[in-house]
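The values are calculated or read from the model by the stated rules, or taken from the named source; none is laboratory data. Here the structure is a predicted model, which is why all the values come from computation and not from measurement. Cβ coordinates were reconstructed from backbone atoms using ideal geometry, including for glycine residues, and neighbour counts include every protein chain displayed. Remember, those area values only see protein heavy atoms, side chains included, never the ligands or the DNA or RNA. Shrake-Rupley method; radii C 1.70, N 1.55, O 1.52, S 1.80 Å.
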Amino acid sequence: MIQFNSRKTYYKHPFGAIEKNTDLFLRIKVTGDRPVISASLFFANDANGNVIRTEGKQEGEALYEFALQIDQIGLYFYYFEVIYQDNSRDVTPHNQLTVYSNDFTTPQWLKTGVMYQIFPDRFARSDRYQAPEQNKNYRLRNDWGGLPNDQPDEHGIVQNNDFFGGNLRGILEKLDYLEYLGVTVIYLNPIFEAYSNHRYDTADYKKIDPMLGTEDDFIALCEEAMKRGIRIILDGVFNHTGSDSLYFNKKGRYPELGAYQSTDSPYYNWYRFIEFPDQYDAWWGIDTLPGVNETEPSFLDYIIRSEDSVIKHWLRCGASGFRLDVADELPDGFLEALREAVKEIKPDGAVIGEVWEDASNKIAYSLRRKYFLGNQLDTVMNYPLKNAVIDYLVHRIDGIGLEQVANSIWENYPSPAFHTLMNIMGTHDTPRILTVLSENSKDDDYTRQRLFLALLIISFMPGIPCIYYGDERGMKGGKDPFNRMCFLSDSGDPAILRFFRRLFAFRRKIDGLEDKSFQPRWAEGSVYSFYRAGETGRLVVAANAGNQDYLLKLTLKENESVKDFFISGSVSYEKQDVFRIKENSGIAVYIKRTAE
């Protein structure tokens with residue numbers, strides 16, 4: 001029998017994904033009485049299928065070691081085979097190894113702080129800006145906080161054309177509140193001119209939607225935010241445009257000749273017409289969202305490569321990076337060119353992908369994606385962790401199940417991407433986290449405590465916690481559009497707001513949290529715990545989603561002492577270095593190390 005565990009440095013060193021040209025050491029232990037003829041490592045390059053076979057060097061009676069160096073970035077899979085004297089053999093399961101570029105770096109500011117996601121039409125409305133009349137079919141509502149319209153029109157289409165009038169000036173006026181909350185990054189859903197209230201149907205990439213404000217308003221927002229140490233990230237929607245846009249112009253509202261109107265349009269080659277003009281490729285078949293050909297040179301120039309491209313223009317206006325909508329549908333070449341452009345203008349600019357699965361080995365449209373080799377994305381939205389945390393808290397999986405997901409991300413993702421992950425609890429695409437956590441809950445207090453436990457976990461995992469606007473006040477809501485309700489700054493649950501503020505304040509006290517390594521600690525039954533370790537100390541985090549008490553024993557070393565701790569729910573101090581964590585509760589313990 002072959003013993004191997006890729007997550008233990010006894011068997012594999014260094015841990016996890018590695019840089020190109022790193023010396024890699026692997027070891028297996030063969031147990032049993034059968035004499036061994038050979039022990040081999042088979043190492044396969046996923047991109048071309050090439051397989052390298054390496055014979056193990058025997059060290060001791062049952063140990064076989066392998067040493068190699070990989071000189072090409074890429075995704076690799078490997079396994080071991082042992083052949084015995086009786087011609088029988090053992091083969092291990094395949095293991096993944098991500099090999100990334102030596103110069104892959106990600107923004108330091110994404111490793112710490114707090115991100116806050118805003119749906120612009122619903123966050124804040126300032127009377128200092130009066131939107132002009134719009135040349136489109138829309139309804140501007142005066143009942144801030146009312147229910148969004150989810151009903152189809154006479155043609156069976158939900159138009160998403162009711163606006164509550166949130167604007168950029170409104171966001172600017174809320175900067176003091178966001179600073180008070182501890183926010184360091186604002187992620188804005190689309191702000192470019194569009195027909196709909198969600199604005200994922202871009203009409204003009206180079207123009208702020210007049211309902212939201214002007215370019216000067218955006219510049220002012222970035223400048224005022226930066227004074228408070230807050231950066232702005234924009235939503236980049238580059239897989240499709242709106243049919244009612246400057247580029248496609250299906251309704252003829254724009255003076256320039258659109259692709260729908262003529263094959264002579266400068267934008268005609270951006271789109272894929274099956275039968276001109278009414279049959280064309282569209283995102284998920286939605287005809288109001290015609291898909292673009294991202295490799296078309298004129299599109300690449302307009303979005304990325306020209307001196308005043310969309311990417312470069314908004315970075316120069318003050319944006320600190322982009323979150324890329326449906327990154328799975330953006331070609332490798334497009335992503336590589338976009339990253340290059342972002343880093344050219346702002347070396348510490350961020351490129352974050354919307355990827356719902358493991359981004360290190362994702363297959364989309366039958367193609368293996370190359371997000372994390374060092375020349376595409378910095379990092380991604382951490383949907384796998386979000387889903388696992390929810391499943392853990394509503395008792396669909398136990399602590400071991402959550403640990404398996406967290407450890408898989410830890411092992412598969414390059415360290416620069418892992419430590420900048422966008423750790424979400426909910427977004428504009430998912431029901432509100434408080435609504436989700438009410439599943440099989442005892443009462444509102446129990447649901448609230450589940451929310452606190454979720455925040456405790458995601459806030460101390462590597463990366464940056466991202467709060468969907470209003471979650472800090474206990475906003476509820478199901479699927480779109482009820483997860484996109486108006487933010488009410490004078491209502492909500494004050495206990496939830498206090499918890500968010502206290503937790504983020506505690507987080508800021510931890511010296512060098514962004515540079516502390518991640519290690520799993522203990523998972524069994526309803527308990528999940530991990531720790532973050534660095535030169536000056538460590539942070540131990542433990543969560544108990546079940547109804548049986550858990551005793552957290554810290555086992556401090558001689559040069560360690562508990563500096564501070566943060567409690568979620570019901571946790572009591574039992575005796576020296578021991579905490580009792582009761583049902584649906586958790587704790588983060590900050591342990592300082594003194595000089596020896």
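Against the condition open to solvent by 10 Å² or more (accessible area, probe 1.4 Å) and touching a residue at least 12 places away in the same chain (Cβ under 8 Å), how does A454 come out, does it pass? Spelling it out, it is not the case that A454 is open to solvent by 10 Å² or more (accessible area, probe 1.4 Å) and touching a residue at least 12 places away in the same chain (Cβ under 8 Å).
Does L147 count as in contact with a Lys or Arg (Cβ under 9 Å, 6 or more places away or on another chain), of a type outside the set (S, T, Y) and either open to solvent by less than 10 Å² (accessible area, probe 1.4 Å) or touching a residue at least 60 places away in the same chain (Cβ under 8 Å) (or both)? It is false that L147 is in contact with a Lys or Arg (Cβ under 9 Å, 6 or more places away or on another chain), of a type outside the set (S, T, Y) and either open to solvent by less than 10 Å² (accessible area, probe 1.4 Å) or touching a residue at least 60 places away in the same chain (Cβ under 8 Å) (or both). Just one of the listed residues (L324, L338) is more than 28 Å from N407 (Cα to Cα) and touching a residue at least 12 places away in the same chain (Cβ under 8 Å), namely L338.
For segment 361-379, filtering for residues that are part of a loop (DSSP other than H, G, I, E, B), in contact with a helix residue (DSSP H, G or I) (Cβ under 6 Å, 6 or more places away or on another chain) and not charged (D, E, K, R) leaves 3. Could you identify the single residue in E307, E336, E294 that is crowded, with 19+ Cβ neighbours inside 10 Å, modelled with pLDDT of 95 or more and not hydrophobic (A, V, I, L, M, F, W, C)? The match here is E294.
Taking L168, is it open to solvent by 60 Å² or more (accessible area, probe 1.4 Å) and under 21 Å from F487 (Cα atoms)? No; evaluated as a whole, the condition is false for this residue. When P384 is tested against (1) over 18 Å from E329 (Cβ atoms); (2) in contact (Cβ under 8 Å) with a residue 40 or more places away in the chain, only condition (2) is not met. Tell me yes or no: at least one residue of segment 81-96 is modelled with pLDDT of 95 or more and part of a helix (DSSP H, G or I). No, segment 81-96 contains no residue that is modelled with pLDDT of 95 or more and part of a helix (DSSP H, G or I). The single condition among (1) at pLDDT 95 or above; (2) farther than 30 Å from L147 by Cα; (3) not hydrophobic (A, V, I, L, M, F, W, C) that P481 does not satisfy is (2).
Taking the criterion of being open to solvent by less than 40 Å² (accessible area, probe 1.4 Å) and assigned to a loop (DSSP other than H, G, I, E, B), the residues of segment 340-360 that qualify are G349, E354, V355, D358, A359, S360. The residues of segment 151-178 that are part of a loop (DSSP other than H, G, I, E, B), at pLDDT 95 or above and not polar (S, T, N, Q), listed by number, are F164, G165, G166, K174. Residues in segment 545-553 include at least one that is buried (at least 16 other Cβ atoms within 10 Å of the Cβ) and touching a helix residue (DSSP H, G or I) at 6+ places or on another chain (Cβ under 6 Å). Within segment 505-558, the residues that satisfy the criterion of being over 25 Å from the mean Cα position of the chain (by Cα) and either in a strand (DSSP E or B) or under 15 Å from F579 (Cα atoms) (or both) are E524, G537, Q548, D549, Y550, L551, L552, K553, L554, T555, L556. If you filter segment 236-261 down to residues that are charged (D, E, K, R) and touching a strand residue (DSSP E or B) at 6+ places or on another chain (Cβ under 9 Å), you find that the one that is least open to solvent (accessible area, probe 1.4 Å) is D244.
Residues in segment 377-392 that are surrounded by 24 or more Cβ atoms within 10 Å (Cβ to Cβ) and out of contact with any strand residue (DSSP E or B) (no Cβ under 7 Å at 6 or more places or on another chain): V389 only. Each residue in segment 107-126 was checked for being open to solvent by less than 20 Å² (accessible area, probe 1.4 Å) and either at pLDDT below 95 or not in a strand (DSSP E or B) (or both), and 11 pass. The single residue among I587, I591 that is part of a strand (DSSP E or B), in contact (Cβ under 8 Å) with a residue 40 or more places away in the chain, aliphatic (A, V, I, L, M) and touching an Asp or Glu at 6+ places or on another chain (Cβ under 7 Å) turns out to be I591. Selection over segment 262-285 of residues that are of a type outside the set (K, R) and open to solvent by 70 Å² or more (accessible area, probe 1.4 Å) gives a count of 10. Determine whether V562 is touching a residue at least 24 places away in the same chain (Cβ under 8 Å), more than 27 Å from Q108 (Cα to Cα), of a type in the set (V, I, T) and surrounded by fewer than 18 Cβ atoms within 10 Å (Cβ to Cβ). In short, yes.
Taking the numbered list (1) over 17 Å from I409 (Cβ atoms); (2) buried (at least 18 other Cβ atoms within 10 Å of the Cβ); (3) not β-branched (V, I, T) in turn, Y531 passes all entries but (1).
Of all the residues in segment 313-324, those that are of a type in the set (D, E, K, R) and open to solvent by 10 Å² or more (accessible area, probe 1.4 Å) number 1. Filtering A44, A39 for residues that are without any contact (Cβ under 8 Å) to a residue 60 or more places away in the chain, open to solvent by 20 Å² or more (accessible area, probe 1.4 Å), outside any loop (DSSP other than H, G, I, E, B) and among the aliphatic types (A, V, I, L, M) leaves a single hit, A44.
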